[in-house]
Amino acid sequence: MIAEFAARVRDNVKQVIVGKDDVIDLALVAVLCEGHILVEDVPGIGKTTLARAIAASLGCTFRRIQFTPDLLPSDVTGVSMFNQKSQEFEFRPGPVVSQIVLADEINRATPRTQSALLEAMQERQISVDGVTYPLPRPFLVIATQNPIELEGTFPLPEAQIDRFLIRLPIGYPSEEEEHAILLRLERGDPLADLAPVTTPDELIAVQRQVREVRVEQSVRAYIVDIVRATRGHADIQLGISPRGTLALYHCAQALAGVRGREYVLPDDVKLLAPYVLTHRILISPATRLRGRRLADVLMDVINTVAVPVERL
């Protein structure tokens, strides 16, 4: 059922997104784990389009927040206002009270406004004027940011970046894909007519099935070994936390399900590690001065960990 669900959503998203099957599958992995996605790439690649296509395909309620320096926390969470007719305060929910929230250009908002999302992302609830309001389920934040342009931006704090299950680059299309984009958008935008292919209730049921995908002890040990290796590596100042261990574990279950298997392979773990772990480590200042990238350091770590070879 997981693979059939994923194929249905993938085919629908591909009506809008040309190519990028691997990117769509990674986004589906996060959706099936009810985890948040940070889409990071240069402008014009299709970050916002990908988020909107996923939301439209899932049939969930969807709100978009354009993050700007003057955006206030109450613009995200909502505000209590006095109703003169009833003589009582009434809560007017903000755009975060939705099943799928697109936080567009999240690094353009001030840290105070960025932090308004922290409780929502971790606890699936918001607190306004001392009152806690649960968020609808499923709940998923898809945030976008431009890693190149730094003027007028506020880098996300480590605590918030750690709340994103997957950090996802999209990359430029190939020559053939770019020709296909021109032809597909020649007469209109297919996103405007994209219909849902599932329901929130079905999504929740499939998310439960993902947790039942089998992870053998050897594969579980492989995940733990990779994570622990980041904590003692000479080039890494801050290694992966237990939250990162859980993230890699659940993502591996989801990827196995998307590929039609009832068990996780070590290859699933190795493929996912750069997307799930890279944004959760800090390399040392000396390593940065040598020009080494986070992804390169992480791959060094992964290559030092023995891959289990027993039959599943």
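Ile24 meets the conditions (1) assigned to a loop (DSSP other than H, G, I, E, B); (2) under 16 Å from Arg184 (Cβ atoms) in every case but one. The failed one is (1). In this structure, does Leu156 turn out to be closer than 26 Å to Leu271 by Cβ, of a type in the set (A, V, I, L, M), out of contact with any strand residue (DSSP E or B) (no Cβ under 6 Å at 6 or more places or on another chain) and modelled with pLDDT under 85? Here the answer is yes, as Leu156 does meet what is asked. For the range 37-50, a tally of residues being surrounded by fewer than 22 Cβ atoms within 10 Å (Cβ to Cβ) and either part of a helix (DSSP H, G or I) or modelled with pLDDT of 85 or more (or both) returns 2. Of all residues in the range 47-94, those satisfying the criterion of being touching a helix residue (DSSP H, G or I) at 6+ places or on another chain (Cβ under 7 Å) and within 16 Å of Ser115 (Cα to Cα) are Ile65, Phe67, Thr68, Pro69, Leu71, Leu72, Pro73, Val76, Thr77, Gly94.
Here is a yes/no grid of residues against (1) buried (at least 20 other Cβ atoms within 10 Å of the Cβ); (2) free of Cβ contacts under 8 Å to residues at least 40 places away in the same chain:
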| site | (1), (2) |
| --- | --- |
| Gln114 | yes, no |
| Gln125 | no, yes |
| Tyr133 | no, no |
| Arg137 | no, no |
| Asn146 | no, no |
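Taking the numbered list (1) at pLDDT below 90; (2) outside the structural domain of Pro136 (by TED's automatic domain parsing); (3) surrounded by 15 or more Cβ atoms within 10 Å (Cβ to Cβ) in turn, Thr245 passes all entries but (1).
Regarding Leu298, is this residue within 19 Å of His36 (Cβ to Cβ), buried (at least 20 other Cβ atoms within 10 Å of the Cβ) and at pLDDT below 95?
Details: within 19 Å of His36 (Cβ to Cβ): no; buried (at least 20 other Cβ atoms within 10 Å of the Cβ): yes; at pLDDT below 95: yes.
Answer is no for this residue.
Condition check ((1) of a type outside the set (Lys, Arg); (2) out of contact with any strand residue (DSSP E or B) (no Cβ under 8 Å at 6 or more places or on another chain); (3) assigned to a loop (DSSP other than H, G, I, E, B)) across all residues:
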site: Ala234; (1), (2), (3): yes, yes, yes
site: Gln237; (1), (2), (3): yes, no, no
site: Asp268; (1), (2), (3): yes, yes, no
site: Asp296; (1), (2), (3): yes, yes, no
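Would you confirm whether any residue within the range 51-74 is charged (D, E, K, R), more than 19 Å from Ala27 (Cα to Cα) and at pLDDT 80 or above? Checked the range 51-74: at least one residue is charged (D, E, K, R), more than 19 Å from Ala27 (Cα to Cα) and at pLDDT 80 or above. Ala234 passes every criterion in (1) over 30 Å from Leu117 (Cβ atoms); (2) surrounded by 13 or more Cβ atoms within 10 Å (Cβ to Cβ); (3) over 23 Å from the mean Cα position of the chain (by Cα); (4) not assigned by TED's automatic domain parsing to the domain that holds Pro111 apart from (2).
If only one of Ile170, Ile181, Ile166, Ile223 is in a loop (DSSP other than H, G, I, E, B), of a type in the set (Val, Ile, Thr) and either touching a helix residue (DSSP H, G or I) at 6+ places or on another chain (Cβ under 6 Å) or assigned by TED's automatic domain parsing to the domain that holds Phe139 (or both), which one is it?
Working: Ile181 fails: in a loop (DSSP other than H, G, I, E, B); Ile166 fails: in a loop (DSSP other than H, G, I, E, B); Ile223 fails: in a loop (DSSP other than H, G, I, E, B).
Exactly one residue qualifies, and that residue is Ile170.
Might you check whether a residue that is of a type in the set (Lys, Arg) and within 28 Å of Glu158 (Cβ to Cβ) occurs anywhere in the range 201-222? Looking through the range 201-222, at least one residue is of a type in the set (Lys, Arg) and within 28 Å of Glu158 (Cβ to Cβ). Residues in the range 40-94 that are without any contact (Cβ under 8 Å) to a residue 60 or more places away in the chain and either over 24 Å from Leu135 (Cβ atoms) or of a type outside the set (Gly, Ala, Ser) (or both): 29 in all. The residue that is surrounded by the most Cβ atoms within 10 Å (Cβ to Cβ), among those in the range 85-112 that are over 22 Å from Pro43 (Cα atoms) and β-branched (Val, Ile, Thr), is Val96.
Return the residue satisfying two criteria in turn: it lies in the range 270-291 and is closer than 12 Å to Leu248 by Cβ and touching a residue at least 60 places away in the same chain (Cβ under 8 Å), and of such residues it is surrounded by the fewest Cβ atoms within 10 Å (Cβ to Cβ). Reasoning before the result, please.
Our first condition is that a residue be closer than 12 Å to Leu248 by Cβ; within the range 270-291, this holds for 270-278, 280.
Applying the additional criterion that residues be touching a residue at least 60 places away in the same chain (Cβ under 8 Å) yields 272, 275-276, 278, 280.
Working: Leu272: 22, Tyr275: 24, Val276: 28, Thr278: 17, Arg280: 24.
Top of the filtered list is Thr278.
For the range 90-102, indicate whether the set of residues that are assigned by TED's automatic domain parsing to the domain that holds Leu26 and in a helix (DSSP H, G or I) is non-empty. No, the range 90-102 has no match at all.
The values are calculated or read from the model by the stated rules, or taken from the named source; none is laboratory data. Everything numeric in this text was worked out from a predicted model, so none of it was measured. Note: ideal-geometry Cβ built from the backbone for every residue, glycine included; neighbour counts use all protein chains shown.
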